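Each remark here refers to the structure printed beneath this line.
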């Protein structure tokens, strides 16, 4: 189920996730309509695509939380075709519409999360079964990851160090069976081995920088020992 994201600190995530969301919203409120529709560093996506993706991600995580609260089966995720249609139609909106969608979807998710008492309920995310406790961690990852994609001078170093340690653990779990060369990762909070092959290559850096590098958002030069190696993107 999870090698690294074991006893997720839900109470801390109640602080980290809203703080990261408000930081993102504080930046996006100043984006002009023209800049919303400029390309982002994420290939094929504008900033408006990023905002739409974040809002729909909040909607789906809210539905998971609400189903758990009601003791109902988890809703099926939207199909690839539906996600694409939602993304393209949503990305055609004005900056004000995008900002309202980001704000209201994040707020509705937070309200659902605040009602949860049993964090042990099993849920399916990214084709794996996890305890419901990882839901706010998964959302924190999405918010911080796509804040980087907005290309607004936000860097991994701005992520709360305690939150970054858990973001790194989350990505390590997501990449546990990925097709990567053998790596020995040394961060502020852990030493981990990832990938397959012979003698592992040691890559070191802060929790935040290793999280961003493993997520495909930081160049190899941003950490030590990663020359020429960029893991696959995690959308």
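The table below gives the values:
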read-out	value
Residue check for residue 168: outside any strand (DSSP E or B), in contact with a strand residue (DSSP E or B) (Cβ under 9 Å, 6 or more places away or on another chain) and crowded, with 24+ Cβ neighbours inside 10 Å	yes
Residue within the range 117-139 that is assigned to a helix (DSSP H, G or I) and closer than 23 Å to residue 41 by Cβ present	yes
Breaking point among (1) part of a helix (DSSP H, G or I); (2) crowded, with 17+ Cβ neighbours inside 10 Å, for residue 157	(2)
Output for the range 112-129, where each listed residue is more than 18 Å from the chain's Cα centre (by Cα) and in contact (Cβ under 8 Å) with a residue 12 or more places away in the chain	112, 114, 115, 116, 118, 119, 120, 121
Any chance residue 70 is assigned by TED's automatic domain parsing to the domain that holds residue 125, modelled with pLDDT of 95 or more and more than 27 Å from residue 134 (Cβ to Cβ)	no
Contacts under 6 angstrom Cβ, first residue in the range 10-38 being exposed (fewer than 13 other Cβ atoms within 10 Å of the Cβ), partner part of a helix (DSSP H, G or I), 6 or more apart	29/99
Any pair with Cβ under 6 angstrom, 6 or more apart, that starts in the range 180-196 at a residue that is without any contact (Cβ under 8 Å) to a residue 12 or more places away in the chain and ends at one that is buried (at least 16 other Cβ atoms within 10 Å of the Cβ) and part of a strand (DSSP E or B)	193/184
Cβ pairs under 8 Å, 6+ apart, first in the range 71-95 and under 27 Å from residue 37 (Cβ atoms), second surrounded by fewer than 13 Cβ atoms within 10 Å (Cβ to Cβ)	95/32
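The values are calculated or read from the model by the stated rules, or taken from the named source; none is laboratory data. Note that the structure is a prediction, hence the values are computed from the model and not measured. Every residue, glycine among them, receives a Cβ derived from its backbone with ideal geometry; neighbour counts consider all protein chains shown.
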